[in-house]
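A.B. asks: Encoded as structure tokens, here's the structure I'll be asking about.
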Amino acid sequence: MAALSGIDRSYMGHIERGEKNITLTKIYQISDALGIEVADLFPRADTSSSTSSQ
């Protein structure tokens, strides 16, 4: 993964373990390597309302 995204192997390990704050540049590099959109790297909050007003 590190080689595909052009990120140093040890730095990628730090990212994976949550030891480094990642920059937007690195986020784009990782998403490009995975072939996905940046937004797909982040969980989406459920915006639908579970309560109904009747």
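A.B. asks: Which residue pairs have Cβ atoms under 7 Å apart, sit 6 or more places apart or on different chains, and have a first residue in region 3-15 that is under 14 Å from residue 28 (Cα atoms) and a second that is part of a loop (DSSP other than H, G, I, E, B)?
C.D. replies: Qualifying pairs under 7 Å: 12/1; 15/22.
A.B. asks: When region 16-49 is examined, which residues are found to be more than 12 Å from residue 1 (Cα to Cα), among the hydrophobic types (A, V, I, L, M, F, W, C) and part of a helix (DSSP H, G or I)?
C.D. replies: Within region 16-49, 24, 27, 38, 39, 41 qualify.
A.B. asks: Quick one: in region 26-54, which of the residues that are among the hydroxyl-bearing types (Ser, Thr, Tyr) and modelled with pLDDT of 95 or more is surrounded by the fewest Cβ atoms within 10 Å (Cβ to Cβ)?
C.D. replies: 28
The values are calculated or read from the model by the stated rules, or taken from the named source; none is laboratory data. All values derive from a computational prediction rather than experimental measurement. Virtual Cβ from ideal backbone geometry, glycine too; neighbours counted across all protein chains shown.
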